[in-house]
Amino acid sequence: MTVALVLAALLAVAAVIVVALPFLVEPEPESDRLGELDGTERRRLEQLEARDRALAALKELEFDHRTGTITDEDYRELLGPLRREAARALQALERFGAPAADEERPEAERT
Amino acid sequence: MARKASPARLVIALAVAAILAVFLLYTSIAGGGNPSISPSELAGRSGTVQLAGLVLGPVRGDAHADGLRFGLRDIDGEANTTVPVLYTGSVPDLFRAGRHIVVDGELRNGTFVADPGSMITKCPSKYSPSRNSGKD
Amino acid sequence: MPELGHAALLVTFGLTAYALVAGVAAARLGRRRLAASARNALVGAFGSTLVASAVLLAALLRNDFSFTYVARTTSEALPTAYTISAFWGGQEGSLLLWLLVLTGFGAAAVLLNRRWARDLIVWVVPVFAAVAVFFSFLLVAVASPFATQQAPPDGAGMTPSLQNPYMLAHPPLLYLGYVGLTVPFAFAMAALLSGRLDERWLIATRRWTLLAWAALGIGQLLGAHWAYVEVGWGGYYAWDPVENAALMPWLAATAFLHSVMIQEKRGMLRVWNLLLVLLAFSLALFGTFLTRSGVVNSIHSFTQSSIGPWFLAFIAVTVFVSLALVFRRLPELRSPTKLESPISREAAFLYNNLLLLALCLTILWGVVYPLLSEAVRGEAVVLGRSYYDFFLRIFGLPLLLLMGIGPLIAWRRASLSSLLTTFRLPTIVALAAGAVLLALGAGSSVPGLVAYTFSAFVATTIAMEFVRGTRARKALGAASWPSAFGSLISRNRRRYGGYVVHAAIVLLAVGVAGSSAFDSVKDARLERGESMTVAGYTLTYRSLEERQVSNATEIRALLEVRRGDRELGTLKAGKNAYTIEDQLSNEVGIRSDLLTGEDLFVIAEQIGADGVVDFRVFVKPLVNLIWIAGAVFLLGSAITLWPDAREQRRLVARTQEIGLPATR
């Protein structure tokens, strides 16, 4: 019976330690801000995702065409819009530039 | 490309309408199911019903010959009505006096004549609150 | 030791409550350390639940009958394997298993995703914690597995019908499925709460959803097999409410798995997906509620317990809060793209979703109808088998056909001419198969014939995809046909794994159609030496034997089986009489034909004292395809679930490109 109580007490103490750990490890941190994305980073992530999505769609179209799921005429018809979308995504990324270059851009472009 | 309004909403609306139509058609043709009642509510009822109750002995007869005869009582035990049941067809293994069963059938001349093979017994409770003896 | 168990559950309750409150605070205030603390609490909750589970398991294994739960569900004589299964055999233990799996999945989900879905994780923690708070509250205050009593000399024992290997696998698998659906739900809620409404939450939870869905599917097939061979009433699915309780979330999850593909590829159906995942999760909770509340008449159902109202309240709160969140974000959930054509892959997936949902809701209606009619008319009306069978056919058969059409249509827009080219071969094969089957007599059941024909169509399309894909890879320079095949699958795991799963569904459809639309059944009362014939088989009842085993008397009738003039061996069917429990169990005799997949299924319904036996014999064509379908399903799920290193690298590279710090 007492063994059980001792173990239970240990468990409770362990729980408290586990919960307090981040505060014990860093009593005075430089920044306690949650590493959330700000507007520009978020925008860039979305553009990266748009680019990947457009490229993946192109790849799938190629695959479907090569395996014969999509006929030649359908392929020709669908290729144009997808290519344009991918180009748009790549352009948007380039225009936006790397995060370090953000400072030079005008305020208006930031979200 | 030229079309502005997307056909998606129309497609979904038509599909939902079709499904509802099928559903309503079925229920109007095939009708609803069977009412599920307890033995005390059986008196005077006509048509096929589902009777849910507690089996009372003595259990006599042969379900694969002339029929198994037993009594059925309300599970709650408040009412005193016992309905005589005549059952033919498969008898589940768990069937015995004191078990809860469900059986479909029709009241005929004071006896509940069951649809062959329609008996279902309930598994002995494993999720019920604990009881004293544990023997079911 | 029960004090330790109870204390551990209290710690779990405390930790999850903290994770909920701290998690919400950390997310709203943007505090990093607090968020980490909340996450630790959730992980810690898994630890303390593990301790509680260990205590219960230890008590079971050492037959400690001072634990009320142990005394109620086991006995000294019970074999060890079944003693372990008693963990989830009763109310309180099964809730503890739920909580264990829940906290385990929660810990894994937040730890595995913390690198690249941080903005979601910070909200996932409190949502998960909220569900865990509910279950730990039930375990602490309403249904504790650690109640104690004066230890009786022996326990009550386990019902013989539960003492079989299925009890070891079927419930845990279903729990993996039910609980697993919490992960996509939590991420969906996190997406709504954090405002990250794009495809991020879908990608993070894709494998979890697949895992839960596969577990639910396999769990149900195991349950069907259990019903077929052990319970032995001649079927594998009775549309019992508790069976439906697992089918409904599975159907909703199937719809979800398909519609997420649309959102990933085209950014459409955002609101739809959120609502679907909410439905799947709510149905999982509802299913858990149905199996233990005694609310509906069921062969599995148990007496009224106090758990029921709590569950209902929790489901109501969950649905209400989730819908409110969706409504709040509705303006931001507008899709950037639209459906372009009613003949496209998106549209096919949409039809698939509508059919699956229709079937799911029809089943739900059938399950709650007795409750509703009782509330409205004062009388519970039960819908029978014919109701379910009708809608299974109406919605299931078009769904089957769609399975063959969807993968072969282009995204966005497919021209009619391309449809004609693509579907020419499958249509020809299907019509030819239909004609042949008609000639063989399959016209006796129109739905059965239609199912066969559609299955032929789908099977052809699947074969076509594999052949064409392999050919394309070979043309790209693969070394040999096998390596082309292998690289095709490994580079397109989702697609071809999905095709394998579709193949499993085709096998399932054929097996179900054969064994339900084209089966034969016959009853006969036989004396020793007499015979009966069913569908070409002749069975002769030879003798009756009795044998004592450890806890039962085995009574078996021996039959000789012949087909035409070919001897097919013998078959035994009978009953077991369990001495201690004073119960009989049905032991059916099954002879499976390896070539045709047909089963000869014999039930010794009643054994008279004079050795006269009432037999019921079924001949079930193609029924073994159902079990084979299970194995194929497992294979297909494994292929789609297999971790893809390339995909992982791409995801990590993306986060690095934006300059997000790698850890924390």
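The values are calculated or read from the model by the stated rules, or taken from the named source; none is laboratory data. Predicted, not measured: the structure shown is a model, and the values here were computed from it. Here the Cβ positions follow ideal geometry from the backbone for every residue, glycine too, while neighbour counts run over all protein chains shown.
How many residues does the stretch B:64-81 hold that are part of a strand (DSSP E or B), surrounded by fewer than 19 Cβ atoms within 10 Å (Cβ to Cβ) and more than 18 Å from the chain's Cα centre (by Cα)?
Step one: of the stretch B:64-81, the residues part of a strand (DSSP E or B) are B:67-73.
Subset that is surrounded by fewer than 19 Cβ atoms within 10 Å (Cβ to Cβ): B:67, B:69, B:73.
When the remaining residues are screened for being more than 18 Å from the chain's Cα centre (by Cα), the result is B:67, B:69.
Adding up the residues that qualify gives 2.
Checking A:Pro29 against (1) at the interface with another protein chain (Cβ under 9 Å from one of its Cβ atoms); (2) not hydrophobic (A, V, I, L, M, F, W, C); (3) not in a loop (DSSP other than H, G, I, E, B), only one condition comes out false. Which one?
With respect to (1) at the interface with another protein chain (Cβ under 9 Å from one of its Cβ atoms); (2) not hydrophobic (A, V, I, L, M, F, W, C); (3) not in a loop (DSSP other than H, G, I, E, B), A:Pro29 is out only on (3).
Can you give me the number of residues within the stretch C:517-530 that are touching a residue at least 60 places away in the same chain (Cβ under 8 Å) and out of contact with any Pro (no Cβ under 8 Å at 6 or more places or on another chain)?
Restricting attention to the stretch C:517-530, the residues satisfying the condition of being touching a residue at least 60 places away in the same chain (Cβ under 8 Å) are C:517-528.
With the extra rule that they be out of contact with any Pro (no Cβ under 8 Å at 6 or more places or on another chain), the set shrinks to C:520-528.
Count: 9.
Looking at the stretch C:151-182, which of its residues are among the small types (Gly, Ala, Ser), surrounded by fewer than 24 Cβ atoms within 10 Å (Cβ to Cβ) and outside any loop (DSSP other than H, G, I, E, B)?
Across the stretch C:151-182, the qualifying residues are C:Ser161, C:Ala169.
Being modelled with pLDDT under 90, surrounded by 14 or more Cβ atoms within 10 Å (Cβ to Cβ) and either out of contact with any helix residue (DSSP H, G or I) (no Cβ under 6 Å at 6 or more places or on another chain) or of a type in the set (Val, Ile, Thr) (or both) narrows it down to one of B:Ile29, B:Ile37, so name that one.
On inspection, the qualifying residue turns out to be B:Ile37.
Here is a list: C:Arg494, C:Arg528, C:Arg556. Which entry is more than 26 Å from the chain's Cα centre (by Cα), among the basic types (Lys, Arg) and over 25 Å from C:Asn624 (Cβ atoms)?
Details: C:Arg494 fails: more than 26 Å from the chain's Cα centre (by Cα); C:Arg556 fails: over 25 Å from C:Asn624 (Cβ atoms).
Being more than 26 Å from the chain's Cα centre (by Cα), among the basic types (Lys, Arg) and over 25 Å from C:Asn624 (Cβ atoms) holds for just one of C:Arg494, C:Arg528, C:Arg556, which is C:Arg528.
Report, by residue number, each residue of the stretch C:151-197 that is more than 20 Å from the chain's Cα centre (by Cα) and within 14 Å of chain B (Cβ to nearest Cβ). Write out each step before concluding.
Within the stretch C:151-197, the first condition is being more than 20 Å from the chain's Cα centre (by Cα), and the residues that meet it are C:151-161, C:163, C:187-197.
Hits for the stretch C:151-197 are C:Ala151, C:Pro152, C:Pro153, C:Asp154, C:Gly155, C:Ala156, C:Gly157, C:Met158, C:Thr159, C:Pro160, C:Ser161, C:Gln163.
Okay, residues lined up against (1) more than 7 Å from chain C (Cβ to nearest Cβ); (2) hydrophobic (A, V, I, L, M, F, W, C); (3) in contact (Cβ under 8 Å) with a residue 60 or more places away in the chain; (4) not in a helix (DSSP H, G or I):
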residue: A:Phe23; (1), (2), (3), (4): no, yes, no, no
residue: A:Thr40; (1), (2), (3), (4): yes, no, yes, no
residue: A:Gln47; (1), (2), (3), (4): yes, no, no, no
residue: A:Ile70; (1), (2), (3), (4): no, yes, no, yes
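For residues that are within 11 Å of chain B (Cβ to nearest Cβ), out of contact with any helix residue (DSSP H, G or I) (no Cβ under 6 Å at 6 or more places or on another chain) and part of a helix (DSSP H, G or I), tally how many sit in the stretch C:55-86.
Within the stretch C:55-86, residues that are within 11 Å of chain B (Cβ to nearest Cβ), out of contact with any helix residue (DSSP H, G or I) (no Cβ under 6 Å at 6 or more places or on another chain) and part of a helix (DSSP H, G or I) number 4.
Can you list residue pairs whose Cβ atoms sit under 7 Å apart, with the first residue in the stretch C:23-39 being facing chain A (nearest Cβ under 9 Å) and the second being buried (at least 24 other Cβ atoms within 10 Å of the Cβ) and acidic (Asp, Glu)? Count only pairs 6 or more apart in sequence or on different chains.
none
The conditions are (1) within 14 Å of chain A (Cβ to nearest Cβ); (2) in contact (Cβ under 8 Å) with a residue 24 or more places away in the chain; (3) outside any loop (DSSP other than H, G, I, E, B), and C:Arg412 fails exactly one of them. Which is it?
It is condition (3) that C:Arg412 fails.
When only residues in the stretch C:527-567 that are among the aliphatic types (A, V, I, L, M) and part of a loop (DSSP other than H, G, I, E, B) count, which is modelled with the highest pLDDT?
Looking only at the stretch C:527-567, we keep the residues that are among the aliphatic types (A, V, I, L, M), and these are C:532, C:534-535, C:539, C:544, C:549, C:552, C:555, C:557-559, C:561.
Now restrict to residues that are part of a loop (DSSP other than H, G, I, E, B): C:535, C:549.
On the way: C:Ala535: 91, C:Val549: 85.
This residue is C:Ala535.
Select from the stretch C:378-409 the residues that are closer than 26 Å to C:Gly448 by Cα and facing another protein chain (nearest Cβ under 7 Å) and write down the one among them that is surrounded by the fewest Cβ atoms within 10 Å (Cβ to Cβ).
Looking at residues that are closer than 26 Å to C:Gly448 by Cα and facing another protein chain (nearest Cβ under 7 Å), I get C:Ser386.
Hey, B:Gly47 hits all of (1) away from every other protein chain (no Cβ under 14 Å); (2) over 30 Å from C:Gly90 (Cα atoms); (3) exposed (fewer than 15 other Cβ atoms within 10 Å of the Cβ); (4) not aromatic (Phe, Trp, Tyr) but one; which does it fall short on?
All conditions pass for B:Gly47, except number (1).
Could you count how many residues in the stretch C:338-364 are in a helix (DSSP H, G or I) and of a type in the set (S, T, N, Q)? Before you say what the answer is, go through the steps one by one.
We begin by selecting, within the stretch C:338-364, every residue in a helix (DSSP H, G or I); these are C:345-364.
From what is left, the residues that are of a type in the set (S, T, N, Q) are C:352-353, C:362.
Residues in the stretch C:338-364 being in a helix (DSSP H, G or I) and of a type in the set (S, T, N, Q): 3 in total.
Could you give every pair whose Cβ atoms fall below 8 Å, whose first residue belongs to the stretch C:428-453 and is touching a residue at least 12 places away in the same chain (Cβ under 8 Å), and whose second residue is not in a helix (DSSP H, G or I), counting only separations of at least 6 or pairs across chains?
What qualifies is C:Ala442/C:Phe518; C:Ser444/C:Phe518; C:Ser445/C:Phe518; C:Gly448/C:Phe518.
Taking C:Val619, is it surrounded by fewer than 18 Cβ atoms within 10 Å (Cβ to Cβ), more than 14 Å from chain B (Cβ to nearest Cβ) and of a type outside the set (Gly, Ala, Ser)?
Working: surrounded by fewer than 18 Cβ atoms within 10 Å (Cβ to Cβ): no; more than 14 Å from chain B (Cβ to nearest Cβ): yes; of a type outside the set (Gly, Ala, Ser): yes.
So C:Val619 does not fit the description; no.
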